[in-house]
């Protein structure tokens with residue numbers, strides 16, 4: 001994407017505060033190439049766990065299958081973590097539901113409607129989960 005270099009620069013700079021509340025850099029190693037890749041991603045943090053979503057058609061997350069060490073650049077800090085991918089429909093739906101319950105204003109980007117109580121519609125979440133994966137990165141202690 002054309003804006004990734006700009007976001008990467010911004011997240012590495014002292015100006016990261018403009019975007020680092022919900023964006024971070026993830027650095028991982030390609031399984032076949034051995035090359036190091038760094039990409040900006042959105043995230044939700046729960047203590048020592050960072051969660052993000054990706055479309056299944058994208059390929060970056062495939063390098064994390066089965067668990068992989070990653071480096072996260074979050075709010076000006078460099079952190080070591082182990083990432084895993086959740087691909088099964090039920091696991092993705094559960095992860096997406098938890099994600100949207102904490103950040104309901106993002107529901108529209110996932111094609112998920114909110115009910116009268118402001119909670120994500122579970123049928124919409126299940127439909128949205130079909131073309132997504134969840135990447136879960138846990139900090140190494």
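Each reported figure results from applying straightforward, stated rules to the coordinates on display, with no laboratory input. Being a predicted model, the structure only gives us computed values, none of them experimental.
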Which whole-number percent is the relative contact order of the chain (Cα, under 8 Å, 6+ apart)?
25 percent
In deg cm²/dmol, rounded to 500, what helix-only [θ] at 222 nm does the chain give when every DSSP H run of at least 4 residues adds -39500 (n - 2.57) and the total is split over its residues?
-6500 deg cm²/dmol
Over the C-alpha atoms of segment 1-41, what are the Rg and the largest Cα-to-Cα span, Dmax, in Å?
11.4, 35
Principal axes first, then extents: for the Cα atoms of segment 1-117, list largest minus smallest coordinate on each axis, whole Å, largest first.
45, 34, 30
